[in-house]
Structure formats: C-alpha cells, structure tokens
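*Asks:* For reference, the structure I am asking about is given below.
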Amino acid sequence: MNSKGFTLIELVVVIVILGILAATAAPKFINLKADAQTATLQGVKAAMHGSAGMIHSKAIVKGNQNLGRSTLTLADGSSFLIKYGYPRANINEWKRIIDVDDNFAYKVFGSSALSVLVIYRKDSPEPTGAGSPCMVYYLEPTAPNSAPQFVLNKCE
C-alpha cells in the first residue's frame with residue numbers, strides 16, 4: 001500500500017523536538033524577571049510620592065512650604081527635615097516615612113545644595129548615576145512652589 005503523509009512516530013518526534021526548543025529558547029526572549037522588578041519599583045515610587053505629598057500638606061498647614069531649610073514636627077514629636085515643604089533627600093528621613101523591605105537599598109548623590117535620593121533593588125548593580133537601571137530616584141525641589149521629581153528607571 002502506497003500512502004502519503006507522516007507516520008505517528010515521525011509526528012511525535014517533531015513535537016518533542018519543538019518542545020525542547022521552546023523550553024530552552026523562550027526564556028531568552030521573555031524577561032519576566034525584569035518586568036517583576038520594575039513593578040516593585042513602581043510600588044516604591046508610589047509610596048514615595050504619597051509620603052512626600054503628606055509631608056507637603058503638613059508643611060502648608062504649618063506655613064513653612066516656601067523655606068529652603070525647615071523642619072516639621074511628626075506625630076511622634078520628632079523633627080523632620082524639609083526643603084520647600086517636601087522631604088529632604090536624606091536616607092534616615094525617608095526610612096522614617098516609607099517602609100521598604102530588605103530587597104531594597106538607599107543611596108544619595110549630589111551636594112548639600114541639591115541632593116538626589118536613590119532607592120534600588122539589591123539584586124541589581126549599585127547605581128552610579130541618573131541613567132542606571134532598576135532604581136527610583138527622588139530629586140529635591142529647587143525653588144519655592146516647585147515640586148520634587150520622582151523618576152523610575154526600568155530594570156533590564
């Protein structure tokens with residue numbers, strides 16, 4: 001009998017080979033880890049933005065939102081450093097108002113006149129500048145009635 005087509009064994013062999021190729025090649029094209037890391041940093045950015053907004057509201061109530069260097073009194077009675085009504089780019093101050101887990105680290109760039117606070121994932125390389133991947137940075141306001149900047153650099 002002369003029949004045309006593939007045998008069942010040939011089809012199974014082709015399916016197995018395609019499965020092996022898909023299992024080894026797909027992870028190289030799909031980087032879900034970077035997307036997940038970026039999503040956690042988006043949560044950190046949102047927490048920073050919300051906390052800075054609450055501090056700014058408190059500064060407006062106190063009336064010192066136009067001062068380059070000032071303090072607020074928090075609910076626990078402690079002083080909190082602000083610049084133009086927003087938090088300073090100070091690691092210890094930010095640790096008091098947001099709670100990130102042990103997967104993140106803090107770093108500060110800049111000078112006493114203009115500081116940048118960086119929060120980055122510990123499982124990524126330590127940032128060396130504003131263009132480094134996998135971090136959120138907070139740039140202090142530079143003048144009265146100006147807002148700080150919150151910038152997210154996606155993970156690679």
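The values are calculated or read from the model by the stated rules, or taken from the named source; none is laboratory data. A quick note: this is a predicted structure, and the numbers were derived from the prediction, not measured. Positions of Cβ are backbone-derived with ideal geometry, glycine not excepted, and every protein chain shown enters the neighbour counts. Just so you know, the surface numbers come from the protein's heavy atoms only, side chains and all, with ligands and any DNA or RNA stripped out. Shrake-Rupley method; radii C 1.70, N 1.55, O 1.52, S 1.80 Å.
*Asks:* Would you check if residue 47 is modelled with pLDDT under 95 and out of contact with any helix residue (DSSP H, G or I) (no Cβ under 7 Å at 6 or more places or on another chain)? Reasoning before the result, please.
*Replies:* Numbers: modelled with pLDDT under 95: no; out of contact with any helix residue (DSSP H, G or I) (no Cβ under 7 Å at 6 or more places or on another chain): yes.
Criteria not met by residue 47.
*Asks:* Sticking with this structure for a sec: With the requirement that a residue be of a type outside the set (S, T, N, Q) and open to solvent by less than 100 Å² (accessible area, probe 1.4 Å), what does the stretch 1-11 give you? It would help to see each step written out before you state the result.
*Replies:* Here is the first cut: in the stretch 1-11, the residues of a type outside the set (S, T, N, Q) are 1, 4-6, 8-11.
Selection gives 5, 10, 11.
*Asks:* Out of everything in the stretch 101-129 that is open to solvent by less than 40 Å² (accessible area, probe 1.4 Å) and in a loop (DSSP other than H, G, I, E, B), what residue ends up being farthest from residue 59 (Cα to Cα)?
*Replies:* 124
*Asks:* Can residue 88 be described as out of contact with any Gly (no Cβ under 7 Å at 6 or more places or on another chain) and within 13 Å of residue 139 (Cβ to Cβ)? Even if it seems obvious, please write down each step before you answer.
*Replies:* Values: out of contact with any Gly (no Cβ under 7 Å at 6 or more places or on another chain): yes; within 13 Å of residue 139 (Cβ to Cβ): yes.
Answer is yes for this residue.
*Asks:* Determine the pairs where a residue that is within 12 Å of residue 114 (Cβ to Cβ), located within the stretch 133-145, has a partner that is among the basic types (Lys, Arg) with Cβ atoms under 8 Å apart, the partner being 6 or more residues away or on another chain.
*Replies:* 140/83; 140/88; 141/83
*Asks:* For the stretch 77-102, what are the residues that are of a type outside the set (Val, Ile, Thr), touching a Phe, Trp or Tyr at 6+ places or on another chain (Cβ under 8 Å) and touching a residue at least 24 places away in the same chain (Cβ under 8 Å)? Show your work before the answer.
*Replies:* Initial filter on the stretch 77-102 (of a type outside the set (Val, Ile, Thr)): 77-81, 83-90, 92-96, 99, 101-102.
Of the ones still in play, those that are also touching a Phe, Trp or Tyr at 6+ places or on another chain (Cβ under 8 Å) are 87, 89, 93-96.
Result: 87, 89, 94.
*Asks:* Got a number for residues in the stretch 59-94 being assigned to a helix (DSSP H, G or I), surrounded by 18 or more Cβ atoms within 10 Å (Cβ to Cβ) and over 18 Å from the mean Cα position of the chain (by Cα)?
*Replies:* The total comes to 1.
*Asks:* Let me ask another. Could you please find all residues in the stretch 130-156 being on the phi > 0 side of the Ramachandran plot and either open to solvent by less than 90 Å² (accessible area, probe 1.4 Å) or β-branched (Val, Ile, Thr) (or both)?
*Replies:* Narrowing the stretch 130-156 to residues on the phi > 0 side of the Ramachandran plot: 134, 145.
Passing the criteria: only 134.
Results for (1) open to solvent by 100 Å² or more (accessible area, probe 1.4 Å); (2) out of contact with any strand residue (DSSP E or B) (no Cβ under 8 Å at 6 or more places or on another chain); (3) among the hydrophobic types (A, V, I, L, M, F, W, C); (4) assigned to a helix (DSSP H, G or I), shown as yes or no for each residue.
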site: 13; (1), (2), (3), (4): no, yes, yes, yes
site: 16; (1), (2), (3), (4): no, yes, yes, yes
site: 24; (1), (2), (3), (4): no, yes, no, yes
site: 28; (1), (2), (3), (4): yes, yes, no, yes
site: 33; (1), (2), (3), (4): yes, yes, no, yes
site: 38; (1), (2), (3), (4): no, no, no, yes
site: 42; (1), (2), (3), (4): no, no, no, yes
site: 47; (1), (2), (3), (4): no, yes, yes, yes
site: 52; (1), (2), (3), (4): no, no, yes, yes
